[in-house]
Amino acid sequence: ERLPGALAPSPDYAGGPLRLMPFVLGGPADVVSVVGDAFERDLIERGMAGADTALAAQEAFGLQVEHARYLTVHDLAAMTAMQYEHAGLAALWPLLETALLQPEGEAWLDQLPEPLIHYTEGEARIALFSPNAWQQRYAAEVQGEADDATRGRLQRRHQLFEARQRQIAAVLGAHGVPVNFVHCERDADCRNALS
């Protein structure tokens, strides 16, 4: 009657255009291996569900079905990665993919100008930089006392950075990934603080 654990969709996102109904196809290992290979090779190109299947899903779930397809988990991950790339979030996808498909795993997002994030122990730890640590990492070209115009530019860059942190935290939260902001006083110490 309901999907297990992290596969259960949040009611906050009901009504979205993409809906998934996961299922597991099982059997003897030698048969599953052959069928799995065929699915990975062919399903993305020829996985459109038949009209009867789409109509049955529409009736069973009480929703409008425009396209019904069969996808492997790898196909779905590739499709999702492409959507994240189109949304300007490509750098986040490897970390998010680890959190979703290998929750006991570990991944880093350590790619300027993105926030520094470490996924470990089932949570995403996002570095919350002090102003000096942020400048050391993201605006190292500014040395010494800055003039008013430079300070104004730095302030705007910092505000955009903080907005990006909030955006990424919201995306992680939408996927059920717990987020923990970790204070970092110096850029050099941040990776250790997130571990």
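The values are calculated or read from the model by the stated rules, or taken from the named source; none is laboratory data. Quantities reported herein were computed from a predicted structural model and do not represent experimental measurements. Positions of Cβ are backbone-derived with ideal geometry, glycine not excepted, and every protein chain shown enters the neighbour counts. Keep in mind that these areas ignore ligands, DNA and RNA; they rest on the heavy atoms of the full protein, side chains included. Shrake-Rupley method; radii C 1.70, N 1.55, O 1.52, S 1.80 Å.
What is the number of the single condition among (1) open to solvent by less than 50 Å² (accessible area, probe 1.4 Å); (2) within 16 Å of the chain's Cα centre (by Cα) that Gln111 does not meet?
Going through (1) open to solvent by less than 50 Å² (accessible area, probe 1.4 Å); (2) within 16 Å of the chain's Cα centre (by Cα) one by one, Gln111 breaks only (1).
Which members of segment 69-89 meet the condition of being in contact with a helix residue (DSSP H, G or I) (Cβ under 8 Å, 6 or more places away or on another chain) and open to solvent by less than 50 Å² (accessible area, probe 1.4 Å)?
Thr72, Asp75, Ala77, Thr80, Ala81, Tyr84, Leu89 - these are the residues of segment 69-89 that are in contact with a helix residue (DSSP H, G or I) (Cβ under 8 Å, 6 or more places away or on another chain) and open to solvent by less than 50 Å² (accessible area, probe 1.4 Å).
This table checks each residue for (1) touching a residue at least 12 places away in the same chain (Cβ under 8 Å); (2) part of a helix (DSSP H, G or I); (3) open to solvent by 20 Å² or more (accessible area, probe 1.4 Å); (4) hydroxyl-bearing (Ser, Thr, Tyr).
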| position | (1), (2), (3), (4) |
| --- | --- |
| Leu95 | yes, yes, no, no |
| His118 | yes, no, no, no |
| Val142 | yes, no, yes, no |
| Arg151 | no, yes, yes, no |
| Leu160 | no, yes, yes, no |
| Arg164 | yes, yes, yes, no |
| Val182 | yes, no, yes, no |
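Provide a single number: the residues in segment 35-68 that are closer than 25 Å to Gln102 by Cβ, open to solvent by 60 Å² or more (accessible area, probe 1.4 Å) and modelled with pLDDT of 85 or more.
Pass one, segment 35-68, residues closer than 25 Å to Gln102 by Cβ: 35-41, 43-44, 47.
Next, from what is left, pick out any that are open to solvent by 60 Å² or more (accessible area, probe 1.4 Å): 37, 39-41, 44.
Adding the requirement that they be modelled with pLDDT of 85 or more leaves 37, 39-41.
Number of matching residues: 4.
Kindly indicate whether Gln135 is within 23 Å of His158 (Cβ to Cβ), polar (S, T, N, Q) and either in contact with a strand residue (DSSP E or B) (Cβ under 7 Å, 6 or more places away or on another chain) or not in a helix (DSSP H, G or I) (or both). Spell out the reasoning first.
Details: within 23 Å of His158 (Cβ to Cβ): yes; polar (S, T, N, Q): yes; either in contact with a strand residue (DSSP E or B) (Cβ under 7 Å, 6 or more places away or on another chain) or not in a helix (DSSP H, G or I) (or both): no.
Considered against the rule, which asks whether it is within 23 Å of His158 (Cβ to Cβ), polar (S, T, N, Q) and either in contact with a strand residue (DSSP E or B) (Cβ under 7 Å, 6 or more places away or on another chain) or not in a helix (DSSP H, G or I) (or both), Gln135 comes out as no.
Given the conditions (1) open to solvent by 60 Å² or more (accessible area, probe 1.4 Å); (2) in a helix (DSSP H, G or I), report the number of the one that Glu104 does not fulfil.
Glu104 satisfies all of (1) open to solvent by 60 Å² or more (accessible area, probe 1.4 Å); (2) in a helix (DSSP H, G or I) except (2).
Given the criterion farther than 15 Å from Leu89 by Cβ, among the small types (Gly, Ala, Ser) and surrounded by fewer than 14 Cβ atoms within 10 Å (Cβ to Cβ), identify the matching residue among Ala188, Ala174. Before the answer, list the steps.
On the way: Ala174 fails: farther than 15 Å from Leu89 by Cβ.
Going through Ala188, Ala174 in turn, the sole match is Ala188.
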